[in-house]
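Worksheet: the structure to be examined is printed underneath.
The values are calculated or read from the model by the stated rules, or taken from the named source; none is laboratory data. Since this is a predicted model, take the numbers as computed values, not measurements. Here the Cβ is made from the backbone with ideal geometry for all residues, glycine too, and neighbour counts use every protein chain on show. Heavy atoms of the whole protein, side chains included, go into the accessibility calculation; ligands, DNA and RNA do not. Shrake-Rupley method; radii C 1.70, N 1.55, O 1.52, S 1.80 Å.
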Amino acid sequence: MPDLELEFALALARAARELGVEEDLPAAVEPSALETAGDLSSPIAFRLAKVLRRPPASIAEELARRLEPPRHTAEVTVTGGGYVNLRIEMATYASEVVASALGWGEVVAERHDPGPKVVVEHTATNPNKAAHVGHLRNACIGDTVARLLRSQGQRVEVQNYIDDTGVQVADVLVGIRELGLSPADGEPFDRFCSRCYVEVFRRYEAEPRLLELRRDTLRQIEGRRGEVARAAKELTSQIVDAHLRTMARAGVGYDLLTWESDILELGFLGRALDLMEEMGVTVRVSSGALAGCLVLPMTEGETDPETGEAKVLIKSDGLATYTAKDIAYHLWKFGLLGLDFRYHPWAPGGPATSSAQAGDDDLDPTSFGRAGRVVNVIDQRQSAPQKVVREALRRLGHEPQADQLFHLAYEVVALSPRAAAALGVETEPGRTMYALSGRHGIEVGADDLLDAAVRLVRPKARDQRTAEVLAASAVRYYLLRFGLNSIINFDFDEALRTSGDTGVYLQYAHARACGILRRVEPVEADPGPFRLAPEGRRLVKQIAAFPRAAAEAAGSLSPSSLAGYTFELATAFNDYYEHTDRLYRVEDPSLRAQGRQLVDALRATLARSLQLLGLEPLERI
RNA sequence: GCCCCCAUAGCUCAGUGGAUAGAGCGCCGGCCUCCGGAGCCGGGUGCGCAGGUUCGAGUCCUGCUGGGGGUACCA
């Protein structure tokens with residue numbers, strides 16, 4: 001399909017060169033803010049005014065005169081004291097747009113170069129309790145980012161890091177093994193663990209001596225051998241299964257599960273520490289507050305942690321911090337460690353998993369890791385440790401990799417006062433948000449939210465499966481439509497709304513298009529030049545904008561921008577639908593063929609857009 | 001203390017230096033349903049404050065105010 005924005009921009013740049021402009025000014029072109037002015041507009045004359053020392057209006061006039069208009073140009077005008085505008089010849093342009101839309105493939109980008117492999121890490125929910133809505137936001141963002149990158153032809157491997165040797169696992173084990181807590185009848189295991197986690201923290205506060213049990217348990221988990229370590233593996237495996245089921249409900253999947261315990265077991269951490277010692281980037285502290293710790297000084301070349309800040313990698317009790325393991329993990333991600341996991345399928349039809357043991361069903365180790373670029377979807381609160389990981393890579397001499405390590409930071413999900421009150425939190429006047437807290441049981445379970453959404457839409461859905469897809473669409477779209485820098489002030493009514501800017505609205509628009517296509521037989525007649533009312537023109541332009549919208553969302557790793565595009569696409573269609581004649585009543589074969597093709601093009605574009613957002617397009621509701 | 005993020009309509013949020021700052025929700029009124037209203041149309045003197053840069057600032061810079069987060073031998 002012709003990228004008119006690009007072609008117009010290039011034509012303007014050529015015309016500018018004829019005017020004697022040497023430097024490559026970005027010839028900005030965007031959809032016209034004023035529909036009366038045209039379809040595309042450029043303020044380039046304003047920028048040239050300075051260089052050419054002439055009024056913008058006269059430059060714009062000359063640009064317009066010299067411009068070699070791209071195909072499908074109806075007219076070029078100058079307005080507003082210097083804007084150069086292009087009006088599109090819709091009669092021919094619409095045919096091309098429609099044809100392209102019916103041919104959208106897996107890869108949406110026109111020109112693409114697969115480039116280096118991208119590893120996207122997301123979810124990484126502690127495997128000791130049920131996933132809550134904050135974890136679900138992470139997973140939806142990460143999953144959509146992976147889909148967006150793939151839509152641009154990039155090779156992507158999605159990893160879910162399982163932090164199975166952390167202290168949170170020890171907490172739940174204390175509850176089960178030491179306090180004798182057990183699931184109630186019919187209580188899902190992950191939910192039981194959430195409850196257990198809360199209970200254990202209550203007991204810690206009442207009986208601080210229980211913290212001894214926690215330390216012991218953690219030490220035994222880290223020891224990798226013995227009954228407690230086996231119990232930990234059993235517990236975390238069950239929770240991981242629960243998380244995979246929860247995330248699958250929202251359309252989220254993974255290529256590989258990477259287990260922290262394997263990083264320890266296979267000597268990744270040891271190798272990483274050796275490398276850092278060889279390069280002289282770590283320091284063993286002998287005195288002061290950090291005595292006995294192995295640290296990474298935060299100022300390069302600083303060897304005295306007393307005088308500067310330092311990140312502890314190995315604690316004085318000999319146990320590694322999370323950041324130390326993360327450094328080892330990232331060396332592996334980039335293929336810089338010289339070690340590999342073993343790999344085998346986690347479950348039939350599921351992702352692969354790392355493993356410390358060889359097995360009959362081992363997968364090709366060279367097909368995992370070895371990234372040229374890494375995107376970590378981790379909430380904004382972990383920015384500091386993410387910087388440490390990048391800095392460690394840099395100091396180890398891996399500057400290019402450090403530059404290709406992106407922390408995709410996003411803000412957390414908090415509770416609106418209404419939601420907090422609904423969960424039994426004591427609210428205070430004037431306070432607008434309340435943090436989630438797994439250890440205090442203040443949270444919205446991901447499954448609970450999805451269940452609530454299913455109950456809500458079930459009465460109007462044709463069957464249970466449709467209701468589940470609709471529910472997932474509502475929840476997933478809600479979590480994606482906010483910019484990453486926005487804290488989601490979670491509200492049940494907002495999350496479960498089905499009208500307006502929602503996933504359900506998008507699904508309804510798609511189903512409506514499918515309904516029309518079922519009702520109106522394909523027309524054999526040649527549609528000929530398109531005759532379109534304003535609503536039809538807007539719809540064609542919005543369809544044509546899809547590749548650019550996907551590319552921009554992928555380039556800026558911004559699911560919310562694609563969500564915005566998709567909503568506008570659905571809105572353009574509903575507007576068109578309301579303001580054109582019922583297609584089945586249209587007698588003119590050419591108009592009927594045009595109408596059907598346009599609806600079909602919309603259907604294809606909306607479907608592809610929904611897929612990128614991770615919503616399964618519904619043909620009927 | 002230092003670092004990061006946020007502040008736009010009653011509420012929740014878009015807005016990539018460009019024309020008259022937009023959506024959704026809620027409220028009022030109307031239309032109607034090729035999918036069964038989860039739809040469409042109309043109703044709007046809002047960019048926290050003060051400077052600065054620019055032909056042009058919601059957008060960039062500085063300061064301030066208010067809110068959130070980080071600054072662990074937690075993750």
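Cα centroids of segment A:99-141 and segment A:254-286: 27 Å apart.
Taking every Cα-Cα distance in chain A and sorting them into 20 Å bins starting at zero, the pair-distance distribution P(r) comes out as 17, 43, 30, 10, 0 percent. Around the amide H of A:A310, modelled in the peptide plane, lie the amide H atoms of A:M298, all under 5 Å away and 5 or more residues distant in sequence or on another chain. Computed over neighbours whose Cβ is under 9 Å from that of A:G251, the net charge equals 0, Lys and Arg +1, Asp and Glu -1. Note on A:E35 and A:D448: with the Förster distance fixed at 41 Å, the Cβ-Cβ geometry gives a FRET efficiency of about 0.35.
Residue by residue, segment A:502-510 carries 3J(HN,Hα) couplings of 9, x, 5, 4, 4, 5, 5, 4, 5 Hz when phi is fed to the Karplus relation 6.51 cos²θ - 1.76 cosθ + 1.60 (θ = phi - 60°); x denotes Gly or Pro. The equivalent ellipsoid that matches the C-alpha gyration tensor of segment A:417-495 spans semi-axes of 26, 15, 11 angstrom, in descending order.
Structure note, pairs A:K233/A:K325; A:K117/A:K311; A:K333/A:K387; A:K233/A:K333: Cα-Cα distances above 20 angstrom occur for A:K117/A:K311; A:K233/A:K333.
Using a simple spin-label model with pseudo-atoms 7 Å out from Cα toward Cβ, A:E68 and A:D317 lie 7.4 nm apart.
For segment A:4-88, the Stokes-Einstein estimate of translational diffusion at 37 °C and a viscosity of 0.692 mPa s comes to 267 µm²/s, using the Kirkwood hydrodynamic radius over alpha-carbon pairs.
Calculated mean residue ellipticity at 222 nm for chain A: -15000 deg cm²/dmol, from DSSP H runs with n ≥ 4 weighted as -39500 (n - 2.57), summed, divided by the residue count and rounded to 500.
Rounded to the nearest 10 square angstrom, A:S355 shows an accessible area of 10 square angstrom against a 1.4 Å probe. Modelled label positions at A:S383 and A:R111, each set 7 Å beyond Cα in the direction of Cβ, lie 3.6 nm from each other.
Helix A:4-18 and the longest principal axis of the C-alpha atoms of chain A enclose an angle of approximately 70°. Per-residue accessible area (protein heavy atoms, 1.4 Å probe) orders A:Y343, A:Y584 as A:Y584, A:Y343, starting from the largest. Each of the trypsin sites (Lys or Arg not before Pro) that DSSP puts in a loop and that has at most 16 other Cβ atoms within 10 Å breaks chain A; the longest unbroken stretch is A:316-430. Could you work out how far helix A:589-613 tilts from the main Cα principal axis of chain A, as a 0 to 90 degree angle to the nearest 10? That helix lies at roughly 20 degrees to the long axis. Working note: Cα atoms of segment A:503-613, range along each principal axis, descending, whole Å: 46, 27, 22. Each Cα pair under 8 Å and six or more residues apart adds its sequence gap; the mean of these over the residue count of segment A:417-495 is a relative contact order of 26 percent. Each residue of segment A:393-404 was assigned a 3J(HN,Hα) from its phi angle through the Karplus expression (A = 6.51, B = -1.76, C = 1.60, θ = phi - 60°), giving 4, 4, 5, 7, x, 9, 4, x, 5, 4, 5, 9 Hz with x at Gly and Pro.
Note: relative contact order over chain A, using C-alpha pairs below 8 Å and six or more positions apart, is 14 percent.
Quick one: helix A:534-544 against the long Cα principal axis of chain A, what's the angle to the nearest 10°, folded into 0 to 90? For A:534-544 against chain A, the angle is about 50 degrees. Take every Cα pair under 8 Å whose residues are at least 6 apart in sequence, average their separation, divide by the length of segment A:503-613, and the relative contact order is 48 percent. Put a dot 7 Å past the Cα of A:T79, heading toward its Cβ, do the same for A:E278, and the two dots end up 6.6 nm apart. Our coupling estimate for segment A:155-166, obtained by passing each phi through the Karplus curve with A = 6.51, B = -1.76, C = 1.60 and θ = phi - 60°, is 7, 10, 10, 9, 10, 10, 7, 9, 7, 8, 10, x Hz, Gly and Pro reported as x. What the pair-distance distribution of segment A:248-371 shows, using all Cα-Cα distances binned every 10 Å from zero, is 12, 36, 26, 17, 8, 1 percent.
As a test, work out the antiparallel percent of DSSP beta bridges whose residues both lie in chain A, rounded to the nearest 5. Percent antiparallel among DSSP bridges in chain A is about 55. With every protein chain in place and a 1.4 angstrom probe, the accessible-area ranking of A:D491, A:D364, largest first, reads A:D364, A:D491. State the answer as a single residue: which of A:L218, A:G280, A:Q401 lies farthest towards the positive end of the charge dipole of segment A:118-403, with beta carbon charges of +1 for Lys and Arg and -1 for Asp and Glu, about the Cα centre. Towards the positive end, the residue furthest out is A:Q401.
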